[in-house]
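Undergrad: My questions will all concern the structure given below.
Any read-out appearing in this document is the output of simple, stated calculations on the displayed coordinates, not a laboratory observation. Not measured: the values here are computed from a predicted model. Positions of Cβ are generated from backbone atoms using ideal geometry, with glycine treated the same way; all protein chains shown enter the neighbour counts.
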Amino acid sequence: MAEENLTLDELDHQLLHALQLDARVPFARLAQLVNVSEQTIARRFRRLRAGGVVRVVGMVDPVPLGETAWIVRVQSRPNAAVSLADALARRADVGWVTLTSGGSEILCVIMSRTTEQRDELLLQRLPKTAQVLGMSAHSVMHRFETIDSWAYVGVRLSAEACADLRAQAIGAGKKGTSSHPGSNGSSEPQRLTAADELLLGELAADGRTAVSRLAEVAGWTPARVNRRLEELVRAGLLYFDAEVALQAIGLRSRAFLWMTVPAARLQATGEALAQHNESMFVAATTGTTNLVSSVAFQNTAHLYRYVTESLGTLDAITGLEISPSLRMVKQGGTRMIGDRLATG
């Protein structure tokens, strides 16, 4: 059960910042960077994880497999929205399940790894659900890489420490930002082996699973596991995400921005948005709008300043819809219990 009153100090914020840069950073290396003992770092991480503040997961990007990520907006009967959102959150191929728009709209990201899995949900299950009044699906054409955005509310690591962590991270810290089947330059979709699936299953449960355990599961040597993890990350198939309970670090307001931008200025505008501290996710999509951003704030006044000042400088944005988040049901790969990450 998550702790009710978990106070974060300077070292906690530095640890969370480090995990955003390299989710599998060895605690011994981080201890050297912040000048404390390895045991202290390990103890702090266990405390934050048990308190539902942070969880590290290994995520699969479906794009290098030849599939597409989809952002889906589901209009539901108000009295059924919570149960429908919970049902979606139980699916392994669905993440970022959020109740928005007065609680009658569910927003989620579908990351199905096969066409059959995607069609079963988008073309059969959801349309045939009586509680669903309507839905729209937006294909993610390109995801823009955001900065370690939430860290501005806490104490950041030094620039030198950040550079050290990024340089030594698996795949140099690459995240799921690919926008074409072969992120290694090939037009052919990547393929996963049975051993890969065993590794990915362990990492989905705990992204910091020790290499010795992964080697045992796959029947490989630790050296071979390290090589394969590096290959999967560099191919864009696997990325490690340190999921953080935003309210626990002072970000109490969240919203989704649906924007319209002329095609000729889409790339530049997306890149500019991705550099905003408030941006958690920025992508170019299909649909009636073509740019979506997930943003987090300290409060509604902060949201207002962001819209009027930061977005106001981007004159390419010709249309804007704001969908405030009422309740986060699931982050990337983790269910939520109140405002904390589920620890089970």
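Undergrad: Where does each of 330, 128 land when they are ranked from fewest to most other beta-carbon atoms within 10 angstrom?
TA: 128, 330
Undergrad: Okay, next question. What does the charge dipole of the chain about its Cα centre add up to, to the nearest 20 debye, if the Cβ of each Lys and Arg holds +1 and the Cβ of each Asp and Glu holds -1?
TA: The dipole magnitude comes to about 500 debye.
Undergrad: Moving on. Quote the charge dipole size of region 215-344 about the Cα centre in Debye, to the nearest 20; the model charges only the Cβ of Lys and Arg (+1) and of Asp and Glu (-1).
TA: About 320 debye.
Undergrad: Among 13, 323, 336, which residue has its Cα positioned farthest towards the positive end of the charge dipole of the chain, with +1 placed on the Cβ of Lys and Arg, -1 on the Cβ of Asp and Glu, and the dipole taken about the Cα centre?
TA: 336
Undergrad: Right, another one. Contour minus end-to-end for residue 197 and residue 28, with contour as 0.36 nm per residue of separation and end-to-end as the Cα-Cα distance?
TA: 57.9 nm
Undergrad: How far apart, in nanometres, would the label points at residue 147 and residue 314 be if each is projected 7 angstrom from Cα along the Cα-to-Cβ direction?
TA: Spacing of the two 7 Å Cα→Cβ label points: 1.4 nm.
Undergrad: Based on the Cα coordinates of region 40-147, what is the per residue volume of their convex hull in Å³?
TA: So the per-residue Cα hull volume is 142 Å³.
Undergrad: Under 5 Å between amide hydrogens, which residues at least 5 positions from residue 327 or on another chain qualify, with H placed 1.01 Å from N in the peptide plane?
TA: Correct list: 99.
Undergrad: Against the empirical 2.2 N^0.38 Å scaling, what ratio does the C-alpha Rg of the chain come to?
TA: 0.97
Undergrad: Under 10 Å, Cα contacts only: if you run a Gaussian network model on the chain, which one of 109, 217, 53 comes out with the highest mean-square fluctuation?
TA: Taking springs between Cα atoms under 10 Å, the residue moving most is 217.
Undergrad: Sort 315, 61 by Cβ crowding within 10 Å, fewest neighbours at the top.
TA: Least to most surrounded, the residues fall as 315, 61.
Undergrad: Report the one residue of 273, 312, 293 whose Cα lies farthest in the direction of the positive end of the charge dipole of region 247-327 (charges on C-beta: Lys and Arg +1, Asp and Glu -1; origin at the Cα centre).
TA: In region 247-327, that residue is 293.
Undergrad: Which values of log₁₀ I(q)/I(0), to two decimal places, follow from the Debye formula for region 247-327 at q = 0.16 Å⁻¹ with a uniform point scatterer at every Cα?
TA: -0.55
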